[in-house]
Amino acid sequence: MFGSPLLVGLWVYFILTTASPLADYARDLDASLGANNITDSRVVVTDTSANDYLTLLSAPFDVANPNPVEKGYVRDDSDGAGTTIFVIDTGFNMERFPDEECLDERRIDTSLVPRSYRAEPLTDAERNAGYYFPPDNMDDVSTPANSKNIHGHGTQVAILAGGCKTGVARKANLFLIKMVEVLMKAGLVEETMTGPNAQLHALRLIGAAVAGNVASVSVPRGKAVLVMCTGNWREENMSSYGANWEAIKTQMKMALERLDQLGVTVVMAAGNDGSSSNPQQNPDFVPRYTDQQFPQGLATVDSPMLLVGSTNSKGQLSTFSTPGRGDIPVSLYAQGEAVSTYDLQQSGPKLKSGTSYSAPIVVRSPQSELSRVLGAS
């Protein structure tokens, strides 16, 4: 499929259900697995110690054995070279994991959405009550009721997408954008703060970078992927924006369409508001569909965006994964349940679940096609 074994498992096993620029895949599974279709001129690498979410990417479809770990992770060694992965998230501390950062093999750029977009200014009453913002930097921020400033969501997403040791596109350049702020009091996180304006600012920055309007950043056309795993708002909760809400949605849609025109593949987490509740959800939680949340609701069947849902390692649908319906379907699924990744609050890895972890894994799919068409550099 596309002349690469890396897409066999993903495109057959996780059936792509909506039209996309990458829908021209081989129909003959046996032929696509043939040696002459594995690679053009690149070296094929097999990693027998890879995590299960990686083995799924190159596992032939087999209902009886959907995740043959013993066969390992088969990939070509281009590993996303020449491609840039943009990630908009909570912050990034990849320097904590130098084996994943590997700056000698690619470049990592960072950008901080201005605090004026990430949070409202503190009032005098808030300051007098002891509230404050943490240092204005790229540090990955935490969630409420957590005693540490570092949480890890953005770092985890970036490493799953482009970590040099455990990522799916290990030689891709990374452009990491922080769009989240937190409100602190007495060393504890009281509130996580962001909004669609911060996300919109980040999208416009990416557009400028791909268009060649950001100094020292060069992204060849068609060699860019955006992973969006932070920012999921219920339509009914956006009343505070008043009449501006419709204007914001229009601007967001225009920004995403602009990225498509510039050759950026947009990959978006479908959300974790499916039928099951989890410890992070309150007793009053009501499940929802993709069309009831934003910006996921912009990913119509006619749009170029890919909405990614979650399965477990056996390919079974995760009950927390937000389902699509009508004109807003989930595009494809990948493992997002019990994914082994880093936890910045612990010394070792931790199993994490959510569509935020399935979305970066499928970066390998559009990224590989772009590299095949345009050639690794």
Longest to shortest principal axis, alpha-carbon extents of the range 141-267, angstrom: 45, 44, 25
FRET efficiency, 1/(1 + (r/R0)^6) with R0 35 Å, evaluated for Ser276 and Lys185 via beta carbons: 0.60
Where Rh is the Kirkwood radius over Cα pairs, Rg/Rh for the range 82-365: 0.94
Centre separation in Å (Cα based) which lies between the range 287-340 and the range 129-202: 23 Å
Formal net charge of residues neighbouring Ala208 (Cβ-Cβ distance under 15 Å; K, R +1; D, E -1): +2
Residue order, fewest to most surrounding Cβ atoms within 10 angstrom, among Ser340, Ser275: Ser275, Ser340
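Determine, from the Cβ-Cβ distance of Ala247 and Arg115 and an R0 of 25 Å, the FRET efficiency 1/(1 + (r/R0)^6), rounded to the nearest 0.05. Before the final figure, lay out the partial values.
Details: r = 23 Å, r/R0 = 0.90.
E between Ala247 and Arg115, to the nearest 0.05, is 0.65.
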Residues Cys229, Cys102, Cys164, sorted so that the one with the fewest Cβ neighbours within 10 Å comes first: Cys102, Cys164, Cys229
Relative contact order computed over the range 82-365 (Cα-Cα under 8 Å; 6+ residues apart), in percent: 19 percent
Contour excess over end-to-end distance, with Cα ends at Asp77 and Val43 and 0.36 nm allotted per residue: 11.7 nm
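Could you please rank Leu200, Leu160, placing first whichever residue has the fewest other Cβ atoms within 10 Å of its Cβ?
Working: Leu200 22, Leu160 32.
Fewest-to-most Cβ neighbours within 10 Å comes out as Leu200, Leu160.
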Stretchable slack from Asn128 to Asp99, in nm (0.36 nm times residue separation minus alpha-carbon distance): 6.1 nm
Under-5 Å amide H pairs with Ser276, H placed in peptide plane, nonlocal only: Phe320
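Pull out the extension gain between Glu236 and Gln316, defined as 0.36 nm times the separation in residues minus the alpha carbon to alpha carbon distance; nm, one decimal.
Values: separation 80, 0.36 × 80 = 28.80 nm, distance 3.07 nm.
So the chain would gain 25.7 nm between Glu236 and Gln316.
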Whole-Å semi-axes of the range 180-219's equivalent ellipsoid (Cα gyration tensor): 32, 12, 5
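Each value in this text was obtained by applying a stated rule to the coordinates, not by laboratory testing. Since the model is a prediction, treat every value here as computed from it, not as a measurement. Here the Cβ is made from the backbone with ideal geometry for all residues, glycine too, and neighbour counts use every protein chain on show.
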